[in-house]
1. State, in angstrom, two size descriptors of the stretch 2-100 derived from its alpha carbons: Rg to one decimal place and Dmax to the nearest whole number.
2. Which far-off residues, 5 or more places away or on another chain, put their amide H under 5 Å from the one on Val60, with H placed in the peptide plane?
3. Name the helices (complete DSSP H segments) of the chain with a Cα length along the long axis of 20 Å or more and a Kyte-Doolittle mean of at least 0.5, or state none.
4. Let me check against my output: what whole-number percent is the relative contact order of the stretch 2-100, with C-alpha pairs under 8 Å and at least 6 apart?
5. If I build a Gaussian network model for the chain, linking alpha-carbon pairs within less than 10 angstrom, which residue out of Tyr63, Tyr52, Tyr36 has the largest mean-square fluctuation?
6. If you add up the charges near Met38, with Lys and Arg at +1 and Asp and Glu at -1, over every other residue whose beta carbon is less than 14 angstrom from its beta carbon, what do you get?
7. I need Leu81, Leu59, Leu17 ordered by Cβ neighbour count within 10 Å, fewest first.
8. Label points 7 Å out from Cα along the Cβ direction at Arg16 and Ser101: separation in nm?
Amino acid sequence: MSKFTTARTKFFHGWRLFRSRKTLWQMLREVFNGHYRMSFLTNALTILAIAYIVFPFDLVPDYIPVLGWIDDGAVFYLLILRLEKETHRYNRFKAMERKNS
C-alpha cells in the first residue's frame with residue numbers, strides 16, 4: 001500500500017504546482033524585479049528544459065511518434081518537480097521576510 005501511495009503522490013506534483021500557480025507567478029514576478037533570486041540549479045534547469053522541449057535537437061527525435069514525445073514529457077516532469085521545490089523555498093523566504101519585518 002505504501003508503494004502505491006508514494007507513486008500516487010509523485011503523480012500529483014503537477015497538480016500541486018497548478019494549485020500554487022499564484023505563488024509561482026508571484027515568485028516569477030519577484031525574480032524578474034530582482035527581489036528574489038532562484039537557485040542557480042533552478043535557473044539552469046529551467047533554461048535547459050525549455051530549450052530541450054522547444055528546439056528539435058533531442059536525444060530521441062520528435063518525428064518518432066511516441067518515443068520522441070516521451071523524452072520531452074520526462075524533461076517537462078522534471079521541470080515541474082524543480083519548480084515545485086523552488087516555490088516551497090520561496091514560501092519559506094516570504095515567511096522569514098514577514099517574521100523579520
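Each value in this text was obtained by applying a stated rule to the coordinates, not by laboratory testing. Quick caveat, the model's predicted, so the values are computed rather than measured. We place every Cβ from the backbone using ideal geometry, glycine too, and count neighbours over all the protein chains shown.
1. Looking at the stretch 2-100, its Cα Rg and Dmax stand at 16.0, 54 Å.
2. Result for Val60 returns nothing.
3. 40-54
4. Relative contact order comes out at 35 percent.
5. Fluctuation is largest for Tyr63.
6. Within the 14 Å Cβ shell, the charges total +4.
7. Ordered by Cβ neighbours within 10 Å, fewest first: Leu59, Leu81, Leu17.
8. Simple spin-label model gives 2.6 nm for this pair.
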